[in-house]
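Engineer: One structure follows; several queries about it will come next.
The values are calculated or read from the model by the stated rules, or taken from the named source; none is laboratory data. Just so it is clear, the model here is predicted, and its values are computed rather than measured. Glycine also receives a Cβ, built like all others from the backbone with ideal geometry; neighbour counts cover every protein chain displayed.
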Amino acid sequence: MKRTWILPTLFALCGSLVATGMVLSGSPGEAAALLLMFLLLAGMHSSLVFPRSVGAREARRRSAVDGRPIVYWRPGCKYCLRLRIRLGRRARQLHWVNIWQDPDGAAAVRAANDGNETVPTVVVAGRPHTNPGPSWVREQLSSAT
């Protein structure tokens, strides 16, 4: 199993186990609510919430053509999730690279952050910016299009 899916799978599995115990103890309503909460957490920490990732090489090529920023991210990162949610529909205009799926992307992030895999790292016009604010990323996206 890819490590991208480990955390979401654990959320779903733990939620299922706890909900099963609650159903057996006579609390089916609470069990359903708790299971729903765990499944939402699993979904939020999965790759499903993010736009489709591309490889770092492809993202650099696309960014050179259209001038849009590249976002290096990884599942389970609360700052990446915050950025994704705050960007809303505009997030689909960025080039997203999952560093857990792309070794070149992970290397690019380490090169930009003194050997650390600190995400989100947003690259605009070849310059990396570590954990920028969503409003700043929106401005960069507006100036690129």
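Engineer: Identify, from the list 81, 94, the residue that is closer than 21 Å to residue 6 by Cβ and touching a helix residue (DSSP H, G or I) at 6+ places or on another chain (Cβ under 8 Å).
Structural biologist: After applying the criteria, what remains is 81.
Engineer: In segment 63-92, how many are of a type outside the set (Phe, Trp, Tyr) and surrounded by 15 or more Cβ atoms within 10 Å (Cβ to Cβ)?
Structural biologist: Matching residues across segment 63-92 total 15.
Engineer: Next question. Within segment 100-132, how many residues are touching a residue at least 24 places away in the same chain (Cβ under 8 Å) and part of a strand (DSSP E or B)?
Structural biologist: Here the count works out to 4.
Engineer: Could you list, ordered by first residue, the pairs with Cβ atoms under 6 Å in which the first is in segment 19-45 and aromatic (Phe, Trp, Tyr) and the second is in a helix (DSSP H, G or I), at least 6 apart or interchain?
Structural biologist: These pairs meet every condition: 38/11; 38/15.
Engineer: Can you go through 71, 97 and tell me which one is at pLDDT 95 or above, within 18 Å of residue 136 (Cβ to Cβ) and part of a strand (DSSP E or B)?
Structural biologist: Checking each option against the conditions leaves just 71.
Engineer: Right, here's the next one. Scan segment 5-59 residue by residue and report those that are part of a loop (DSSP other than H, G, I, E, B), closer than 28 Å to residue 85 by Cα and of a type outside the set (A, V, I, L, M, F, W, C).
Structural biologist: Keep residues of segment 5-59 that are part of a loop (DSSP other than H, G, I, E, B), which gives 25-27, 45-46, 50-55.
Now drop any that are not closer than 28 Å to residue 85 by Cα, which leaves 45-46, 50-55.
Those that are part of a loop (DSSP other than H, G, I, E, B), closer than 28 Å to residue 85 by Cα and of a type outside the set (A, V, I, L, M, F, W, C): 45, 46, 51, 52, 53, 55.
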